[in-house]
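J.: Below is one structure. I have some questions about it.
The values are calculated or read from the model by the stated rules, or taken from the named source; none is laboratory data. Not measured: the values here are computed from a predicted model. As a convention, Cβ positions derive from the backbone with ideal geometry for all residues, glycine included, and neighbour counts pool all protein chains shown.
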Ligand SMILES: N[C@@H](CCC(=O)N[C@@H](CS)C(=O)NCC(=O)O)C(=O)O
């Protein structure tokens, strides 16, 4: 039985996992839960993930959510090389640091600033912009400190999968990254050197970009957390 991958369109953490599965050549069966259908909020899906979030994998009965945990599991369970999730303690620590940074700070602030206002009744605020800029500045500094081609080492690691999909959200809303030259360089290097992986992410630039002027009609959705825009 192949691995089951529960995902949804243009979801950055889902795209990170899909890149990882592709990189590792792990066959998977995609279960695409259309976000607007609200299926991920059903009690049936809560049996798979009580947090009612995507992505989730089911690897022969082993169910796992939280995209960072999934990336770490896949890289350990289906290793393809020594570089994607290095065994060297310090290199691995840097990869883990970038994953934590993405979850707690980089994607968090980008999501609040760039993604949530596309979907829900939130405004972009001066504070969410400030926090996004601080996160960008931090990431630019990390790239400067390591002097590496990729986010943690000179090779693609699982951390790049997350940081690329987070940065993609800013590209979708045409955010100017010129104040962060090392991020610009890293992001364009990733696209150029990993076309098969970038191909997974690229359509979401258009999908999220389309939502800037065409907000989705979620008026029938009863969301437990987010305020729904009245259509
Ligand atoms: N920390 C989680 C975040 C997952 C997450 O927030 N996924 C979104 C889609 S991008 C979701 O399913 N949200 C549920 C909702 O909005 O109802 C991870 O990295 O997997």
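J.: Determine whether the stretch 4-15 contains at least one residue that is free of Cβ contacts under 8 Å to residues at least 40 places away in the same chain and within 12 Å of the ligand (Cβ to nearest atom). Outline the logic, then answer.
T.: To start, the set of residues in the stretch 4-15 that are free of Cβ contacts under 8 Å to residues at least 40 places away in the same chain comprises none.
Looking through the stretch 4-15, none of the residues is free of Cβ contacts under 8 Å to residues at least 40 places away in the same chain and within 12 Å of the ligand (Cβ to nearest atom).
J.: Also, I was wondering about something else. Inside the stretch 45-71, can you point out the residues that are touching a helix residue (DSSP H, G or I) at 6+ places or on another chain (Cβ under 7 Å) and within 18 Å of residue 23 (Cβ to Cβ)?
T.: 55, 57, 64, 67, 68, 70, 71
J.: Taking residue 213, is it under 20 Å from residue 117 (Cβ atoms) and at pLDDT 95 or above? Lay out the reasoning, then the answer.
T.: Numbers: under 20 Å from residue 117 (Cβ atoms): yes; at pLDDT 95 or above: yes.
Yes.
J.: Follow-up question, since we're still on this one. Can you pull out the residues in the stretch 33-63 that are buried (at least 18 other Cβ atoms within 10 Å of the Cβ) and free of Cβ contacts under 8 Å to residues at least 12 places away in the same chain?
T.: none
J.: Considering 187, 142, 180, which residue is without any contact (Cβ under 8 Å) to a residue 24 or more places away in the chain, surrounded by 15 or more Cβ atoms within 10 Å (Cβ to Cβ) and under 19 Å from residue 109 (Cα atoms)? It would help to see each step written out before you state the result.
T.: Numbers: 142 fails: without any contact (Cβ under 8 Å) to a residue 24 or more places away in the chain; 180 fails: without any contact (Cβ under 8 Å) to a residue 24 or more places away in the chain.
None of the other options fit; the residue is 187.
J.: Hey, residue 39 hits all of (1) within 12 Å of the ligand (Cβ to nearest atom); (2) in contact with a helix residue (DSSP H, G or I) (Cβ under 7 Å, 6 or more places away or on another chain); (3) assigned by the TED database to the domain that holds residue 19; (4) modelled with pLDDT of 95 or more but one; which does it fall short on?
T.: Result: residue 39 passes all but (4).
J.: Residue check: is residue 164 outside any helix (DSSP H, G or I), at pLDDT 95 or above and either at negative phi or within 14 Å of the ligand (Cβ to nearest atom) (or both)? Spell out the reasoning first.
T.: Working: outside any helix (DSSP H, G or I): no; at pLDDT 95 or above: yes; either at negative phi or within 14 Å of the ligand (Cβ to nearest atom) (or both): yes.
So residue 164 does not fit the description; no.
J.: Moving on. Scan (1) modelled with pLDDT of 95 or more; (2) within 16 Å of the ligand (Cβ to nearest atom); (3) over 16 Å from the mean Cα position of the chain (by Cα); (4) in a helix (DSSP H, G or I) for the single condition residue 71 breaks and write down its number.
T.: For residue 71, the exception is condition (3).
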